[in-house]
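J.: Can you keep this structure in mind? I'll have questions shortly.
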Amino acid sequence: MIRHEDLEFRELNSADEQQALDAHQEMLEEDFQFLFWTSNGESWEDYTCRMSSWRRGEHLPDGWVRTGFFVAVEHGYILGRVSVRYELNESLEHVGGHIGYGVLPDSRRRGVASALCRYGLQELAAAGVAKALITCHADNEGSKATILGCGGVLDPRLPSVRNAEGVEELRFWVPTS
Ligand SMILES: CC(C)(COP(=O)(O)OP(=O)(O)OC[C@H]1O[C@@H](n2cnc3c(N)ncnc32)[C@H](O)[C@@H]1OP(=O)(O)O)[C@@H](O)C(=O)NCCC(=O)NCCS
């Protein structure tokens with residue numbers, strides 16, 4: 001298991017480029033977007049500035065809500081990431097929710113997703129959000145266990161929905177503190 005004193009949560013910085021792009025590439029193989037990165041010619045510096053401005057709620061694309069992006073780092077190595085939507089729009093309320101996380105394959109089953117999820121919950125609590133919506137594929141046992149371990153309870157009104165691809169997603173509410 002991860003030692004919490006060894007884990008740092010922070011925004012991406014200019015020194016993270018290679019590691020973060022490698023992580024993005026590796027997780028694309030599992031169909032998971034590690035970064036909100038599009039190779040459209042944007043420099044890494046501009047990308048990290050874009051992420052920071054989104055965290056402040058500035059320069060958001062149309063229809064997007066304020067969003068934070070944080071990596072979990074152990075001894076200088078990025079192990080995973082969490083994105084935090086500080087509010088919900090209609091689409092996130094349906095599927096997507098407040099928090100999304102991913103852990104690199106070599107760092108799984110050490111409690112990293114649980115720590116990332118708890119960090120995201122703390123961020124939301126600090127922003128005044130009392131309950132977080134977290135959704136996951138119905139067959140994603142790891143994510144389901146992570147959410148349940150953080151105190152998640154299925155939405156009694158709408159426990160599951162189909163996402164845009166027709167896949168069943170479970171909808172959990174998790175207290176932030
Ligand atoms: C799902 C994922 C985030 C889990 O990350 P992780 O760091 O291995 O999770 P943790 O070590 O914190 O484990 C949390 C719980 O999930 C369980 N778990 C983790 N992976 C599991 C798996 N593949 N099958 C069953 N249970 C699993 C752990 O045993 C633990 O349960 P416990 O608290 O009852 O002991 C990781 O596999 C991943 O990034 N997958 C690809 C991206 C993804 O699915 N993101 C989530 C989108 S909603």
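J.: Mind jotting down a quarter of the surface of the convex hull over the alpha carbons of the stretch 1-105, in square nanometres, one decimal?
T.: Here the figure is 7.4 nm², rounded to one decimal.
J.: Working from the alpha-carbon coordinates of the stretch 69-113, get Rg over Rh, Rh being the Kirkwood radius.
T.: 1.09
J.: Right, something else. Nearest 500 deg cm²/dmol is fine: what mean residue ellipticity at 222 nm does the chain get from its DSSP H runs of n ≥ 4 alone, each adding -39,500 (n - 2.57), divided by its residue count?
T.: -9000 deg cm²/dmol
J.: Using the Karplus curve 6.51 cos²θ - 1.76 cosθ + 1.60 with θ = phi - 60°, work out ³J(HN,Hα) for each residue of the stretch 122-130 in order, rounded to whole Hz, and write x for Gly and Pro.
T.: Each residue of the stretch 122-130 in turn: 4, 4, 5, 4, 5, 8, x, 8, 7 Hz.
J.: Continuing with the same structure: Of I2, F34, H59, which is farthest along the charge dipole of the stretch 1-123 in the positive direction, counting Lys and Arg as +1 and Asp and Glu as -1 at C-beta?
T.: Going by the charge dipole, the pick is I2.
J.: Are there trypsin sites (Lys or Arg not before Pro) in the stretch 100-177 that DSSP puts in a loop and that have at most 11 other Cβ atoms within 10 Å, and which ones?
T.: Filter output for the stretch 100-177: R109, R157.
J.: Once you put a point 7 Å from the Cα of R109 and another 7 Å from the Cα of F36, both along the Cβ direction, what distance in nm separates them?
T.: 3.3
J.: Run the simple label-point estimate for E168 and V153 please: 7 Å along Cα→C-beta, distance reported in nm.
T.: A separation of 2.2 nm, rounded to one decimal place.
J.: Within 12 Å, Cβ to Cβ, of V71, how many net charges do the neighbouring residues add up to if Lys/Arg are +1 and Asp/Glu are -1?
T.: That works out to -2.
J.: Additional query: Write down Rg/Rh for the chain, rounded to two decimals, with Rg from the C-alpha atoms and Rh from the Kirkwood relation over Cα pairs.
T.: In the chain, Rg relative to Rh is 0.94.
J.: In whole Å, what are the extents of the stretch 78-177 along the principal axes defined by its C-alpha atoms, from largest to smallest?
T.: Principal axes ranked by extent give 34, 31, 20 Å for the Cα atoms.
J.: Would you be so kind as to identify which of G96, A125, T135 lies farthest towards the positive end of the dipole of the stretch 4-175, taking Lys and Arg as +1 and Asp and Glu as -1 on Cβ and the Cα centre as origin?
T.: Farthest along the dipole direction, towards plus: A125.
J.: By how many nm would the segment from E17 to E87 lengthen if fully extended, with 0.36 nm per residue of separation less the alpha-carbon distance?
T.: Extra length available between E17 and E87 comes to 22.4 nm.
J.: Next up: Could you give each residue of the stretch 154-163 its phi-based ³J(HN,Hα) in whole Hz, using Karplus coefficients 6.51, -1.76, 1.60 with θ = phi - 60°, and x for Gly or Pro?
T.: 4, 4, x, 7, 9, x, 8, 9, 9, 7
J.: Please list the non-local residues whose amide H lies under 5 Å from the amide H of G80, H modeled 1.01 Å from N, same-chain partners needing a gap of 5 or more.
T.: It is A72, L104, by chain and number.
All of the numbers you see were taken from the coordinates with simple rules; none came from a lab. Since the model is a prediction, treat every value here as computed from it, not as a measurement. Cβ: placed from backbone, ideal geometry, glycine included. Neighbour counts: every protein chain shown.
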